[in-house]
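What follows is a short report on a single structure.
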Amino acid sequence: MHCSLHSNVAVVEKEKSTNNEMPIHRPAMVRETLDALSPRAGDKALDLTVGTGGHALALADKIGPDGFLLGLDRDKSALKVAKERLAESASCDFRLFRCPFSKADRAAQEVGVERYHVILADLGVGSHQLEDPTRGFSYESDHKLDMRFNTTKGMSARDVVNSMPEEKLADIFYELGEERYSRQIARAICERRDEDPIETPAELAEIVKQVAARKSDGRTWRLHPATRVMMALRIYVNREMEELEALLEVLPHLLARGARVCILTYHSLEARRVKQAWKEQEDKGLLREFDDSPIMPSDEEVEENPRVRSCQLRAAEALTEGGLK
Ligand SMILES: C[S@@+](CC[C@H](N)C(=O)[O-])C[C@H]1O[C@@H](n2cnc3c(N)ncnc32)[C@H](O)[C@@H]1O
């Protein structure tokens, strides 16, 4: 498929990849990301969360045949789809790795390109994962409650809800999901698992819904009442805040002088942490954030793709090369 990136992006929402049935993620704020990063012909680009390759294709289009793209993700199936799509449409040289972005410096060393002109991190979960019921991210799924980006490592969400002490579960829901009924939900989970383990997202969502229904006196919900609990579990299982922390440390070392970096966040904990870390790095003379306020998606984009409604884009420019003065 050789078409311009913008038309490509517009048509991929319900597209399936050719050799498996994985849904393709529709990338958020592509125009704004390209504006912020200003990729030029011949640039070296690093996509830290390549997903199914939507943003990577857009970057590849701009850096052209003399450019180089390194793409990372923790999700093997997403990388497979991204590889297919880039092989078909990208004119630049590219390498993809299954690698957490906290270890981006190692991947960069491995490919022998240690500094980049444009770097993108599009955090969180993609629709290639949410819409695949076997991955256990969506509260409607009757498959195993899993939620790991890398399905070969660490505890699944099922293991967490069936083994974590009640108080710790409540802390996860409160701290990572800002869930107001965290204690009552943790209690209900523990009562239920004493009888039978919780196996699926749908079972967990039903437990949360019952607590919310008791607490909310017949009020209706704008979002499914399990949304925050599911998000908190996903963040916990994938150590997302720890990963972000490590990424923010390593980023300045990957930047060529004058390079640009862009981070798309989807919840307030991430957004706050990026803002704070960049402020500290600005004080050290490493980075300069373009604007104090983040860029938000347009009303049209939110209408077309409601999943981007919580997206915030922050962009910065390197003041040093590789974090060295
Ligand atoms: C919102 S999606 C990115 C979509 C991508 N921009 C696209 O256009 O298809 C987020 C991706 O980040 C990946 N991811 C999340 N945490 C990660 C981490 N710590 N290291 C590497 N990849 C990560 C997820 O597996 C997911 O594929």
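The values are calculated or read from the model by the stated rules, or taken from the named source; none is laboratory data. Since the structure is predicted, the reported quantities are computational estimates derived from the model, not experimental observations. Here the Cβ is made from the backbone with ideal geometry for all residues, glycine too, and neighbour counts use every protein chain on show.
One line per residue, one yes/no per condition, for (1) more than 15 Å from the chain's Cα centre (by Cα); (2) on the phi > 0 side of the Ramachandran plot; (3) free of Cβ contacts under 8 Å to residues at least 12 places away in the same chain:
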site: THR220; (1), (2), (3): yes, no, yes
site: LEU223; (1), (2), (3): yes, no, yes
site: GLU240; (1), (2), (3): no, no, no
site: LEU248; (1), (2), (3): no, no, no
site: HIS253; (1), (2), (3): yes, no, no
site: ARG257; (1), (2), (3): yes, no, no
site: VAL261; (1), (2), (3): yes, no, no
site: SER268; (1), (2), (3): no, no, no
site: ALA271; (1), (2), (3): no, no, no
Exercise. Mind counting the residues in segment 272-288 that are in contact with a strand residue (DSSP E or B) (Cβ under 7 Å, 6 or more places away or on another chain) and within 16 Å of the ligand (Cβ to nearest atom)?
Key: 1
Quiz item: Considering segment 111-133 alone, what residues qualify as being within 15 Å of the ligand (Cβ to nearest atom) and not in a strand (DSSP E or B)?
Solution: LEU123, GLY124, VAL125, GLY126, SER127, HIS128, GLN129, LEU130, GLU131, ASP132
Exercise. Could you tell me whether segment 289-300 includes any residue that is free of Cβ contacts under 8 Å to residues at least 24 places away in the same chain and assigned to a helix (DSSP H, G or I)?
Key: yes
Quiz prompt | Among (1) under 29 Å from THR134 (Cα atoms); (2) in the same structural domain as MET29 (by TED's automatic domain parsing); (3) of a type in the set (Val, Ile, Thr) - the single one ILE189 does not satisfy | solution = (2)
Self-check item: Residue among GLY136, GLY51 that alone is on the phi > 0 side of the Ramachandran plot and outside the structural domain of LEU287 (by TED's automatic domain parsing)
Solution: GLY136
Exercise. Please identify the pairs in which a residue from segment 76-99 that is at pLDDT 95 or above has its Cβ atom under 6 Å from the Cβ atom of a residue that is polar (S, T, N, Q), counting only partners at least 6 apart or on another chain.
Key: ALA78/THR52; VAL81/SER17; VAL81/THR52; ALA82/THR52
Exercise. Confirm whether ASP142 is in contact with a Ser or Thr (Cβ under 6 Å, 6 or more places away or on another chain), farther than 30 Å from LEU255 by Cβ, assigned to a loop (DSSP other than H, G, I, E, B) and away from the ligand (no atom under 16 Å from the Cβ).
Key: yes
Quiz item: Given ILE198, ILE172, which one is in a helix (DSSP H, G or I), touching a helix residue (DSSP H, G or I) at 6+ places or on another chain (Cβ under 6 Å) and touching a residue at least 12 places away in the same chain (Cβ under 8 Å)?
Solution: ILE172
Quiz item: Picking from GLY42, GLY71, GLY67, GLY54, which residue would you name as being within 8 Å of the ligand (Cβ to nearest atom) and either closer than 17 Å to ILE119 by Cβ or touching a residue at least 24 places away in the same chain (Cβ under 8 Å) (or both)?
Solution: GLY54
Quiz prompt | Tally of residues being of a type in the set (A, V, I, L, M, F, W, C) and away from the ligand (no atom under 15 Å from the Cβ) across segment 93-110 | solution = 0
Self-check item: GLU206 part of a helix (DSSP H, G or I) and either on the phi > 0 side of the Ramachandran plot or surrounded by fewer than 21 Cβ atoms within 10 Å (Cβ to Cβ) (or both)
Solution: yes
Practice problem: Check whether at least one residue in segment 253-271 is within 16 Å of the ligand (Cβ to nearest atom), closer than 27 Å to ALA202 by Cβ, modelled with pLDDT of 95 or more and assigned by TED's automatic domain parsing to the domain that holds ALA186, and report yes or no. | Solution: no
Practice problem: Among what's in segment 132-161 and is among the basic types (Lys, Arg) and surrounded by 15 or more Cβ atoms within 10 Å (Cβ to Cβ), pick the residue that is nearest to LEU223 (Cα to Cα). | Solution: ARG135
Quiz item: Based on what the data block shows, is ALA107 crowded, with 22+ Cβ neighbours inside 10 Å and either modelled with pLDDT of 95 or more or within 18 Å of GLN129 (Cα to Cα) (or both)?
Solution: yes
Quiz item: So PRO133 fits all but one of (1) within 19 Å of ARG26 (Cα to Cα); (2) at pLDDT 95 or above; what number is the exception?
Solution: (2)
Quiz item: Do we find a residue being in the same structural domain as GLU32 (by TED's automatic domain parsing) and closer than 20 Å to ARG115 by Cα anywhere in segment 81-92?
Solution: yes
Quiz item: For the subset of segment 221-236 comprising residues that are within 20 Å of PRO100 (Cβ to Cβ) and out of contact with any Gly (no Cβ under 7 Å at 6 or more places or on another chain), which member is surrounded by the most Cβ atoms within 10 Å (Cβ to Cβ)?
Solution: LEU233
